[in-house]
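Report on one structure; see the data block that follows.
The values are calculated or read from the model by the stated rules, or taken from the named source; none is laboratory data. All values reported here derive from a predicted model rather than from experimental measurement. Every residue, glycine among them, receives a Cβ derived from its backbone with ideal geometry; neighbour counts consider all protein chains shown. Accessible surface is based on the protein model in full, side chains and every heavy atom, while ligands, DNA and RNA are left aside. Shrake-Rupley method; radii C 1.70, N 1.55, O 1.52, S 1.80 Å.
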Amino acid sequence: MTALRSAAFTNSPAPAVQPELPACDLCAAFATASAAPRSPFAPGEQLFRQGDPVRLVYRVQKGAVISYRLLSDGRRQVTAFHLPGDFVGLEAGIEHTTTAEALSTVHASAIERSELAARADVHNSLARALWQITVRAVHRSEHHALILARQGATERVVAFLLDFAGRLGHPEFIDLPMTRQDIADYIGLTIHTVSRTLSQLQAEGLIEARSTRHVRIVQRGRLESLCA
């Protein structure tokens, strides 16, 4: 089972076949940034908190980060899961609207937002890269909204599994860095509903939940038909 685990969420070295993260103007800006935050971040450690002034923008190199906001009634709303190559903290306002927390040991590079903005003012290619990242974030938010708009619990859970698998390259085995409570807070269900739905999907032979964190996609076509 260990060999099947995604190296992105563990402390073990990445497999030789794992491709390098693509180079881009934005990545180059991070590589030459003057900011050097302490790294790594331990599981449960916060990169920033909701309401903090926006100072640093992060690029996840290894591990996984969860973003969430606390609502006025005390409930938690998970807004995103960030994987290697993702950018965290790119916000238009002066304060963070969410809290970003490490789900596993996270290695991340960082750049001061003011420095990033200054560079973008003089480098059109960097400005275009920032625009592309912003558009991608909007698309992910729209996709998340579509998951939440689905009425049935089964549709929401399946849509989440397929979306997350797609971000990992559609593997047969999915190593989930988040807990079932995290999933529940992301798709607007209770943890009991998420667990019950996963058990139902396993009973129907569509998935194989080897543990609370490891899922095997058995019948991808049938899962996709549930979200059609």
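For segment 60-76, the set of residues classified as within 16 Å of L189 (Cα to Cα) and in contact with a Phe, Trp or Tyr (Cβ under 6 Å, 6 or more places away or on another chain) consists of R76 only. Filter segment 177-214 for residues that are in a strand (DSSP E or B), touching a residue at least 12 places away in the same chain (Cβ under 8 Å) and not hydrophobic (A, V, I, L, M, F, W, C) and give the result. Of everything in segment 177-214, just one residue is in a strand (DSSP E or B), touching a residue at least 12 places away in the same chain (Cβ under 8 Å) and not hydrophobic (A, V, I, L, M, F, W, C), namely H214.
The residue list S195, S114 contains one member that is more than 19 Å from L26 (Cβ to Cβ) and not β-branched (V, I, T), which is S195. Spot the failing condition for G205; the list is (1) at positive phi; (2) in contact with a Cys (Cβ under 8 Å, 6 or more places away or on another chain), and only one is missed. So the condition that G205 fails would be (2).
Scanning segment 118-153 for residues that are open to solvent by 40 Å² or more (accessible area, probe 1.4 Å), under 24 Å from Q200 (Cβ atoms) and more than 20 Å from the chain's Cα centre (by Cα) gives R150, Q151.
Applying the set (1) farther than 21 Å from A80 by Cβ; (2) among the hydrophobic types (A, V, I, L, M, F, W, C); (3) modelled with pLDDT of 95 or more to L226 leaves exactly one unmet item: (3). Within segment 176-228, the set of residues being within 22 Å of P43 (Cβ to Cβ), among the charged types (D, E, K, R) and either open to solvent by less than 10 Å² (accessible area, probe 1.4 Å) or touching a helix residue (DSSP H, G or I) at 6+ places or on another chain (Cβ under 8 Å) (or both) comprises R180 only. Of all residues in segment 44-70, exactly one satisfies the criterion of being open to solvent by 60 Å² or more (accessible area, probe 1.4 Å) and in contact with a helix residue (DSSP H, G or I) (Cβ under 7 Å, 6 or more places away or on another chain), namely R55.
In this structure, S67 does satisfy being of a type in the set (S, T, N, Q), part of a strand (DSSP E or B) and either at pLDDT 85 or above or at negative phi (or both).
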